[in-house]
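> Got a structure for you, questions after.
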Amino acid sequence: MQNLSKSLYTRGLQCTKVLWLKKYKKDVLTPPSEQALSVFKTGDVVGGLACDLFPRGKEIPFNRDKIDGMLELTKQYIDEGVKDIYEATFKYEGVLIMVDILHINDDGSVEIYEVKSSTWSAKKKISEIQKYIEDASIQHYVLDGCGFEIKKTSIVLLNTDYIMGTELEIDKLFSIVDVTENVLALQENIPATLQTFQDVLADKEHEPDVDIGRHCKHPYECDAMEYCWKVQREIPDYSVFNIFSLTAKSKALELYKQGIVKVEDIPDDFEISHKQRETVNT
């Protein structure tokens, strides 16, 4: 059985090919940009602030080479009665997770808090944070498999309605969005999904034959795009994908499936808007 992290699981949901590449062919992936690294740093800062929502907790220090130690320390803290654990680490059926904030109730049940540096306002809909719900769902699955009773699962996001005064008010800086029901609704599909991933990873020699599409940029821009688009399919720097948005019903994908990727090869009778036609003809 191949081990999977939470991040590998969510990437596999986006595309099984990038899951395989991350396991067996990392050299073809594009390193994170400066902008991406900046986002990661912001996420670390936000995560640190969110811990103040549950003060006096204990953190599990990350050590890539000593995961077993992280698992053991998490168990030790739980046995000692620590109520809040940051980066609580668990493993079940080969899936490794680190819960941003694990709150343990007096009756032994637990609550999952997944912290994101994205924003939330009263106008937003739960569907807009579906990618985070998928993330939380695998954490629920692992904790449930480890024998915990999970009372609540929440996504912690920055509250855009908060206006800071003279002092930072942590409880107002964040919005805690309860996604318990949404996470529960995904549980029954996870075993089959994990089996699919294991089947894909069982073949270490042949990468999955997955064509390009909207999944390359949704919900995240894939770090295999350079490899899949430019190297394997020779999509030029300026192509039909620069003219049309990469949506589920993208005209760019329609053209691509007809073997047309160069802007100058778009047929004159191809139905597009007047503005798009002007762009094509320039």
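The values are calculated or read from the model by the stated rules, or taken from the named source; none is laboratory data. In this text, all values refer to a predicted model and were calculated from it rather than measured experimentally. A quick note on method: Cβ atoms are made from the backbone with ideal geometry, for glycine too, and the neighbour counts reach across all protein chains shown.
> Please list, ordered by residue number, the helices (runs of 4 or more DSSP H) wholly in segment 161-223 having 2 or more residues that are touching a Leu at 6+ places or on another chain (Cβ under 9 Å) and either at pLDDT 95 or above or under 21 Å from Asp52 (Cα atoms) (or both).
170-173, 190-202
> Can you tell me how many residues within segment 270-282 are at pLDDT below 85 and part of a loop (DSSP other than H, G, I, E, B)?
Looking only at that region, the number is 4.
> Looking only at residues in segment 1-22 that are within 22 Å of Tyr141 (Cα to Cα) and of a type in the set (D, E, K, R), which one is surrounded by the most Cβ atoms within 10 Å (Cβ to Cβ)?
Result: Arg11.
> Name the one entry in Ile112, Ile138, Ile78, Ile133 that is touching a residue at least 24 places away in the same chain (Cβ under 8 Å) and either outside the structural domain of Leu53 (by TED's automatic domain parsing) or assigned to a strand (DSSP E or B) (or both).
Being touching a residue at least 24 places away in the same chain (Cβ under 8 Å) and either outside the structural domain of Leu53 (by TED's automatic domain parsing) or assigned to a strand (DSSP E or B) (or both) holds for just one of Ile112, Ile138, Ile78, Ile133, which is Ile112.
> Can you confirm whether Val46 is surrounded by 17 or more Cβ atoms within 10 Å (Cβ to Cβ) and of a type in the set (A, V, I, L, M, F, W, C)?
yes
> Applying the selection to segment 147-178, what residues are polar (S, T, N, Q) and surrounded by 17 or more Cβ atoms within 10 Å (Cβ to Cβ)?
Thr153, Ser154, Asn159, Ser175
> Right, here's the next one. Condition first: among the β-branched types (Val, Ile, Thr), assigned to a helix (DSSP H, G or I) and buried (at least 16 other Cβ atoms within 10 Å of the Cβ). Can you find one or more residues in segment 252-266 that meet it?
Within segment 252-266, one or more residues are among the β-branched types (Val, Ile, Thr), assigned to a helix (DSSP H, G or I) and buried (at least 16 other Cβ atoms within 10 Å of the Cβ).
> Does Val46 fit the bill of being assigned to a helix (DSSP H, G or I) and either over 16 Å from Lys131 (Cβ atoms) or free of Cβ contacts under 8 Å to residues at least 24 places away in the same chain (or both)?
yes
> Going by the conditions given, is Phe54 among the aromatic types (Phe, Trp, Tyr) and loosely packed, with under 13 Cβ neighbours inside 10 Å?
On the way: among the aromatic types (Phe, Trp, Tyr): yes; loosely packed, with under 13 Cβ neighbours inside 10 Å: no.
The answer is no for Phe54.
> Criterion first (part of a strand (DSSP E or B), of a type outside the set (Ser, Thr, Tyr) and assigned by TED's automatic domain parsing to the domain that holds Asp178) does Glu87 satisfy it?
Numbers: part of a strand (DSSP E or B): yes; of a type outside the set (Ser, Thr, Tyr): yes; assigned by TED's automatic domain parsing to the domain that holds Asp178: yes.
So Glu87 passes the test.
> Give Glu72, Glu134, Glu111, Glu59 a once-over and let me know the one that is modelled with pLDDT of 95 or more, within 16 Å of the chain's Cα centre (by Cα) and on the phi < 0 side of the Ramachandran plot.
Residue meeting the stated conditions: Glu134.
> Of the conditions (1) surrounded by fewer than 21 Cβ atoms within 10 Å (Cβ to Cβ); (2) within 16 Å of the chain's Cα centre (by Cα); (3) modelled with pLDDT of 95 or more, Asp144 satisfies every one except a single condition; which number is it?
Looking at each condition in turn, Asp144 falls short on (2).
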